[in-house]
Amino acid sequence: MRLTLLLSFTLLSACVVTRHPVTPAALPATTIAEAELITLLNTPGPIVHSVHVSARWATKLSGLVNLDDPKAAALVDGETPIVLPVHRLVHPSAGVFVVDTGVERDTLQGESGPVKGVVKLALKGATTVEPLGDVLASAGAPIGGVLITHMHLDHLLGLQDVPAGTPIYVGAGETTAKGRGNLMLWRTIQSALDGHAPLRSFDGAGASPLGPIPQAYDLLGDGSLWALSTPGHTPGSMAYLARTTEGPVLFTGDTCHTIWGWENNVTPGSFTADHALNATSLNNLKALAELLPGVKVYVGHETDGEGTGVDAP
Ligand SMILES: [Zn+2]
(Lines give C-alpha, C1' and ligand atoms only; values in the text may rest on other atoms or scores of the structure.)
Protein backbone atom coordinates (compact mmCIF):
# COMPACT_ATOMS: atom_id res chain seq x y z
CA MET A 1 0.00 0.00 0.00
CA ARG A 2 2.76 2.40 1.01
CA LEU A 3 4.67 1.63 -2.16
CA THR A 4 1.56 2.31 -4.25
CA LEU A 5 1.06 5.64 -2.51
CA LEU A 6 4.69 6.60 -3.00
CA LEU A 7 4.54 5.64 -6.66
CA SER A 8 1.34 7.63 -7.18
CA PHE A 9 2.85 10.63 -5.42
CA THR A 10 5.98 10.43 -7.55
CA LEU A 11 4.02 10.18 -10.77
CA LEU A 12 1.63 12.98 -9.85
CA SER A 13 4.11 15.42 -8.35
CA ALA A 14 5.23 18.13 -10.72
CA CYS A 15 8.90 18.19 -11.60
CA VAL A 16 10.97 20.69 -13.54
CA VAL A 17 11.60 20.39 -17.30
CA THR A 18 15.34 19.74 -16.96
CA ARG A 19 18.27 20.26 -14.64
CA HIS A 20 20.54 21.08 -17.58
CA PRO A 21 22.61 24.14 -16.52
CA VAL A 22 21.45 27.62 -17.50
CA THR A 23 23.44 30.83 -17.63
CA PRO A 24 22.27 34.42 -18.28
CA ALA A 25 22.37 35.38 -21.97
CA ALA A 26 24.14 38.58 -20.82
CA LEU A 27 23.26 40.61 -23.91
CA PRO A 28 24.12 44.32 -23.98
CA ALA A 29 21.26 46.81 -24.25
CA THR A 30 20.48 47.89 -27.79
CA THR A 31 22.06 51.10 -29.05
CA ILE A 32 19.13 51.81 -31.37
CA ALA A 33 16.77 54.51 -30.08
CA GLU A 34 13.23 53.29 -29.45
CA ALA A 35 11.77 56.04 -31.66
CA GLU A 36 13.79 54.75 -34.64
CA LEU A 37 13.11 51.08 -34.14
CA ILE A 38 9.83 50.67 -36.00
CA THR A 39 11.17 52.59 -39.00
CA LEU A 40 14.25 50.39 -39.03
CA LEU A 41 12.19 47.21 -38.76
CA ASN A 42 10.10 48.23 -41.74
CA THR A 43 13.27 48.46 -43.84
CA PRO A 44 14.61 45.28 -45.49
CA GLY A 45 17.59 43.91 -43.60
CA PRO A 46 20.60 41.63 -44.04
CA ILE A 47 19.13 38.27 -43.03
CA VAL A 48 18.18 35.59 -45.56
CA HIS A 49 15.26 33.54 -44.24
CA SER A 50 14.13 30.11 -45.37
CA VAL A 51 11.43 27.93 -43.88
CA HIS A 52 11.88 24.16 -43.61
CA VAL A 53 9.32 21.52 -42.69
CA SER A 54 11.37 19.22 -40.50
CA ALA A 55 8.59 16.77 -39.66
CA ARG A 56 4.87 16.23 -40.05
CA TRP A 57 2.68 15.18 -37.17
CA ALA A 58 -0.92 15.33 -35.98
CA THR A 59 -2.38 16.23 -32.61
CA LYS A 60 -5.71 17.18 -31.08
CA LEU A 61 -7.27 20.47 -32.15
CA SER A 62 -8.41 21.20 -28.58
CA GLY A 63 -4.70 21.45 -27.65
CA LEU A 64 -3.89 23.76 -30.54
CA VAL A 65 -6.90 26.08 -30.34
CA ASN A 66 -9.04 27.21 -27.39
CA LEU A 67 -12.34 25.68 -28.49
CA ASP A 68 -14.11 27.45 -25.61
CA ASP A 69 -13.52 30.77 -27.34
CA PRO A 70 -16.83 31.92 -28.90
CA LYS A 71 -14.97 32.56 -32.18
CA ALA A 72 -14.17 28.82 -32.31
CA ALA A 73 -17.81 27.73 -31.87
CA ALA A 74 -17.96 26.16 -35.34
CA LEU A 75 -14.77 24.11 -34.90
CA VAL A 76 -14.89 20.41 -34.01
CA ASP A 77 -12.15 18.69 -32.02
CA GLY A 78 -10.16 15.97 -33.73
CA GLU A 79 -6.74 14.91 -34.99
CA THR A 80 -5.24 17.90 -36.77
CA PRO A 81 -2.22 17.72 -39.10
CA ILE A 82 0.63 20.05 -38.15
CA VAL A 83 4.30 20.51 -38.99
CA LEU A 84 7.43 20.92 -36.89
CA PRO A 85 9.10 23.81 -38.70
CA VAL A 86 12.66 25.09 -38.62
CA HIS A 87 13.24 28.69 -39.64
CA ARG A 88 16.78 29.26 -40.91
CA LEU A 89 18.18 32.77 -40.68
CA VAL A 90 21.52 33.43 -42.39
CA HIS A 91 23.23 36.64 -41.26
CA PRO A 92 26.16 37.82 -43.42
CA SER A 93 28.62 38.03 -40.54
CA ALA A 94 27.03 36.30 -37.52
CA GLY A 95 26.34 32.99 -39.27
CA VAL A 96 23.29 30.78 -39.23
CA PHE A 97 20.55 30.94 -36.61
CA VAL A 98 17.59 28.62 -36.39
CA VAL A 99 14.26 29.24 -34.72
CA ASP A 100 13.38 25.91 -33.08
CA THR A 101 14.97 22.63 -34.03
CA GLY A 102 12.50 20.31 -35.76
CA VAL A 103 13.83 16.78 -35.51
CA GLU A 104 17.33 15.34 -35.69
CA ARG A 105 18.57 12.96 -38.36
CA ASP A 106 18.11 9.89 -36.13
CA THR A 107 14.76 10.85 -34.64
CA LEU A 108 12.07 8.23 -34.98
CA GLN A 109 14.45 5.95 -36.83
CA GLY A 110 15.73 2.90 -35.00
CA GLU A 111 16.77 3.16 -31.38
CA SER A 112 19.52 5.76 -31.59
CA GLY A 113 17.34 8.87 -31.66
CA PRO A 114 16.54 10.90 -28.56
CA VAL A 115 12.92 9.81 -28.32
CA LYS A 116 12.62 7.37 -25.43
CA GLY A 117 10.07 4.96 -24.02
CA VAL A 118 6.46 6.08 -23.84
CA VAL A 119 7.30 9.31 -25.64
CA LYS A 120 8.23 7.23 -28.67
CA LEU A 121 4.72 5.81 -28.62
CA ALA A 122 3.19 9.27 -28.22
CA LEU A 123 5.11 10.50 -31.27
CA LYS A 124 4.12 7.51 -33.36
CA GLY A 125 2.82 8.74 -36.66
CA ALA A 126 5.30 11.60 -36.92
CA THR A 127 7.29 11.54 -40.13
CA THR A 128 10.63 13.18 -40.74
CA VAL A 129 10.82 15.43 -43.81
CA GLU A 130 14.03 17.47 -43.43
CA PRO A 131 16.04 16.90 -40.25
CA LEU A 132 17.87 19.84 -38.69
CA GLY A 133 21.26 18.40 -39.68
CA ASP A 134 20.29 18.72 -43.35
CA VAL A 135 18.96 22.26 -42.84
CA LEU A 136 22.28 23.28 -41.31
CA ALA A 137 24.46 21.42 -43.81
CA SER A 138 22.93 23.24 -46.78
CA ALA A 139 23.25 26.70 -45.20
CA GLY A 140 26.79 27.34 -46.43
CA ALA A 141 27.83 29.13 -43.23
CA PRO A 142 28.69 28.13 -39.65
CA ILE A 143 25.98 28.07 -37.03
CA GLY A 144 25.77 31.11 -34.77
CA GLY A 145 22.99 30.07 -32.43
CA VAL A 146 19.76 28.22 -31.76
CA LEU A 147 16.70 30.26 -30.79
CA ILE A 148 14.29 28.09 -28.82
CA THR A 149 10.74 29.45 -28.63
CA HIS A 150 9.99 27.28 -25.57
CA MET A 151 10.99 24.02 -24.02
CA HIS A 152 8.17 21.73 -25.07
CA LEU A 153 9.54 18.51 -26.47
CA ASP A 154 8.40 19.07 -30.06
CA HIS A 155 10.74 22.09 -30.25
CA LEU A 156 13.83 20.30 -28.94
CA LEU A 157 14.02 17.08 -30.96
CA GLY A 158 16.62 18.39 -33.43
CA LEU A 159 19.17 19.51 -30.83
CA GLN A 160 21.48 16.53 -31.30
CA ASP A 161 22.19 17.77 -34.85
CA VAL A 162 23.55 21.04 -33.38
CA PRO A 163 27.33 21.15 -32.85
CA ALA A 164 28.33 21.09 -29.16
CA GLY A 165 29.23 24.54 -27.88
CA THR A 166 26.68 26.35 -30.07
CA PRO A 167 24.84 29.04 -28.08
CA ILE A 168 21.29 27.85 -27.36
CA TYR A 169 18.89 30.56 -26.15
CA VAL A 170 15.74 30.08 -24.08
CA GLY A 171 13.32 32.28 -22.15
CA ALA A 172 13.69 32.97 -18.44
CA GLY A 173 12.34 30.28 -16.13
CA GLU A 174 11.77 27.90 -19.00
CA THR A 175 13.82 24.99 -17.68
CA THR A 176 12.36 25.19 -14.18
CA ALA A 177 8.70 25.26 -15.25
CA LYS A 178 6.95 22.50 -13.31
CA GLY A 179 4.50 20.09 -14.86
CA ARG A 180 3.14 16.64 -14.14
CA GLY A 181 4.07 15.45 -17.63
CA ASN A 182 7.72 16.44 -17.21
CA LEU A 183 8.63 13.20 -15.47
CA MET A 184 7.50 11.18 -18.46
CA LEU A 185 9.49 13.41 -20.83
CA TRP A 186 12.60 13.58 -18.63
CA ARG A 187 14.80 11.04 -20.44
CA THR A 188 13.93 12.32 -23.90
CA ILE A 189 14.66 15.94 -23.02
CA GLN A 190 17.93 14.97 -21.31
CA SER A 191 18.95 13.06 -24.44
CA ALA A 192 18.22 16.10 -26.62
CA LEU A 193 20.32 18.37 -24.37
CA ASP A 194 23.10 15.87 -23.75
CA GLY A 195 26.58 17.29 -24.52
CA HIS A 196 25.36 20.86 -25.00
CA ALA A 197 26.72 23.92 -23.19
CA PRO A 198 24.61 25.66 -20.53
CA LEU A 199 21.49 27.19 -22.06
CA ARG A 200 21.56 30.97 -22.35
CA SER A 201 18.55 32.51 -20.67
CA PHE A 202 16.87 35.82 -21.53
CA ASP A 203 16.64 37.03 -17.94
CA GLY A 204 15.70 40.69 -18.45
CA ALA A 205 19.25 42.11 -18.57
CA GLY A 206 19.74 44.12 -21.76
CA ALA A 207 16.00 44.07 -22.59
CA SER A 208 14.14 47.12 -23.86
CA PRO A 209 10.59 47.76 -25.11
CA LEU A 210 9.91 47.21 -28.79
CA GLY A 211 6.57 48.83 -29.61
CA PRO A 212 3.94 46.85 -27.63
CA ILE A 213 6.45 44.18 -26.54
CA PRO A 214 7.66 45.03 -23.02
CA GLN A 215 10.92 43.08 -23.20
CA ALA A 216 12.88 42.68 -26.44
CA TYR A 217 16.53 41.74 -26.98
CA ASP A 218 18.69 43.00 -29.86
CA LEU A 219 20.54 39.71 -30.32
CA LEU A 220 23.29 40.83 -32.69
CA GLY A 221 23.45 44.53 -31.75
CA ASP A 222 22.58 45.66 -35.27
CA GLY A 223 18.79 45.57 -34.96
CA SER A 224 18.46 42.68 -37.42
CA LEU A 225 17.40 39.90 -35.06
CA TRP A 226 15.20 40.29 -31.98
CA ALA A 227 14.04 37.98 -29.22
CA LEU A 228 10.63 38.98 -27.86
CA SER A 229 9.40 37.91 -24.43
CA THR A 230 5.89 36.44 -24.82
CA PRO A 231 5.11 34.48 -21.64
CA GLY A 232 1.94 32.47 -21.19
CA HIS A 233 2.07 29.33 -23.31
CA THR A 234 4.99 28.48 -21.03
CA PRO A 235 6.53 30.79 -18.40
CA GLY A 236 9.44 31.76 -20.64
CA SER A 237 7.94 31.55 -24.13
CA MET A 238 9.74 33.65 -26.73
CA ALA A 239 8.89 34.95 -30.18
CA TYR A 240 11.53 36.18 -32.65
CA LEU A 241 11.63 38.91 -35.26
CA ALA A 242 14.10 39.16 -38.15
CA ARG A 243 14.86 41.97 -40.60
CA THR A 244 15.23 39.93 -43.75
CA THR A 245 15.99 40.78 -47.34
CA GLU A 246 12.23 40.36 -47.91
CA GLY A 247 11.21 42.64 -45.00
CA PRO A 248 10.26 41.84 -41.40
CA VAL A 249 9.43 38.25 -40.48
CA LEU A 250 7.80 37.38 -37.16
CA PHE A 251 7.94 33.93 -35.57
CA THR A 252 5.25 33.58 -32.91
CA GLY A 253 6.29 30.20 -31.49
CA ASP A 254 3.43 28.43 -29.76
CA THR A 255 1.94 31.66 -28.43
CA CYS A 256 -0.15 30.85 -31.51
CA HIS A 257 -0.01 27.37 -33.04
CA THR A 258 -2.20 27.82 -36.11
CA ILE A 259 -2.82 30.27 -38.92
CA TRP A 260 -6.53 30.21 -38.00
CA GLY A 261 -5.63 31.15 -34.41
CA TRP A 262 -3.53 34.09 -35.62
CA GLU A 263 -6.13 35.36 -38.07
CA ASN A 264 -8.91 35.09 -35.48
CA ASN A 265 -6.81 36.10 -32.45
CA VAL A 266 -7.69 32.91 -30.58
CA THR A 267 -5.16 31.47 -28.15
CA PRO A 268 -4.04 27.83 -28.01
CA GLY A 269 -6.10 25.32 -26.06
CA SER A 270 -5.01 22.76 -23.48
CA PHE A 271 -1.33 22.92 -24.47
CA THR A 272 -1.07 26.40 -22.92
CA ALA A 273 -0.15 26.85 -19.25
CA ASP A 274 -1.52 30.35 -18.54
CA HIS A 275 -4.35 31.34 -20.85
CA ALA A 276 -4.72 34.94 -19.66
CA LEU A 277 -1.00 35.63 -20.03
CA ASN A 278 -0.93 33.85 -23.40
CA ALA A 279 -3.80 36.11 -24.55
CA THR A 280 -1.85 39.22 -23.47
CA SER A 281 1.25 38.05 -25.34
CA LEU A 282 -0.74 37.18 -28.47
CA ASN A 283 -2.38 40.61 -28.36
CA ASN A 284 1.08 42.19 -28.06
CA LEU A 285 2.32 40.27 -31.11
CA LYS A 286 -0.80 41.25 -33.08
CA ALA A 287 -0.22 44.89 -32.12
CA LEU A 288 3.42 44.65 -33.19
CA ALA A 289 2.40 43.18 -36.56
CA GLU A 290 0.05 46.15 -37.04
CA LEU A 291 3.09 48.42 -36.83
CA LEU A 292 4.91 46.40 -39.50
CA PRO A 293 2.97 46.55 -42.78
CA GLY A 294 4.03 43.70 -45.00
CA VAL A 295 5.33 41.61 -42.11
CA LYS A 296 5.35 37.87 -42.80
CA VAL A 297 4.04 35.98 -39.77
CA TYR A 298 4.85 32.34 -39.04
CA VAL A 299 2.88 30.57 -36.32
CA GLY A 300 4.25 27.68 -34.28
CA HIS A 301 3.01 24.66 -36.22
CA GLU A 302 2.10 25.67 -39.75
CA THR A 303 4.02 27.15 -42.65
CA ASP A 304 1.77 27.60 -45.67
CA GLY A 305 -1.44 26.19 -44.17
CA GLU A 306 -1.80 23.70 -47.01
CA GLY A 307 -3.05 20.44 -45.55
CA THR A 308 -2.39 21.51 -41.97
CA GLY A 309 -4.17 23.27 -39.15
CA VAL A 310 -7.81 24.15 -38.78
CA ASP A 311 -10.14 22.85 -41.44
CA ALA A 312 -12.45 25.83 -41.00
CA PRO A 313 -16.01 25.46 -42.24
ZN1 LIG B 1 4.82 23.04 -30.24
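The values are calculated or read from the model by the stated rules, or taken from the named source; none is laboratory data. These figures come from a predicted structure and were not determined experimentally. Cβ atoms come from the backbone with ideal geometry, glycine included; neighbour counts cover every protein chain shown.
Brief remarks on what is shown
- Cβ-Cβ contacts under 6 Å between residues 6 or more apart (or on different chains), taken from a first residue in region 63-82 that is under 15 Å from N264 (Cβ atoms) and among the small types (G, A, S) to a second residue that is surrounded by fewer than 21 Cβ atoms within 10 Å (Cβ to Cβ) and modelled with pLDDT under 95, are listed as A74/P313.
- Yes/no for H196 being buried (at least 17 other Cβ atoms within 10 Å of the Cβ), within 20 Å of D154 (Cβ to Cβ) and away from the ligand (no atom under 16 Å from the Cβ): yes
Per-residue answers, yes or no, for (1) under 23 Å from T80 (Cα atoms); (2) of a type in the set (S, T, Y); (3) in contact with an Asp or Glu (Cβ under 6 Å, 6 or more places away or on another chain):
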position	(1), (2), (3)
L210	no, no, no
G223	no, no, no
A227	no, no, no
T244	no, yes, no
G247	no, no, no
C256	yes, no, no
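- Screening G165, G179 for residues that are surrounded by fewer than 19 Cβ atoms within 10 Å (Cβ to Cβ) and within 15 Å of the ligand (Cβ to nearest atom) leaves exactly one candidate, G179.
- Sole residue being closer than 27 Å to T308 by Cα and charged (D, E, K, R), chosen from R88, R19: R88
- A count restricted to region 77-107 and to residues that are modelled with pLDDT under 90 and surrounded by fewer than 20 Cβ atoms within 10 Å (Cβ to Cβ) stands at 1.
- If the condition is being of a type outside the set (G, A, S) and more than 16 Å from the ligand (Cβ to nearest atom), then region 73-94 contributes L75, V76, D77, R88, L89, V90, H91, P92.
- Looking only at region 112-156, and only at residues there that are within 16 Å of the ligand (Cβ to nearest atom), assigned to a helix (DSSP H, G or I) and of a type outside the set (A, V, I, L, M), the one that is modelled with the highest pLDDT: H155
- Filtered residue count, region 157-214, keeping only those that are in a strand (DSSP E or B) and in contact with a Gly (Cβ under 9 Å, 6 or more places away or on another chain): 7
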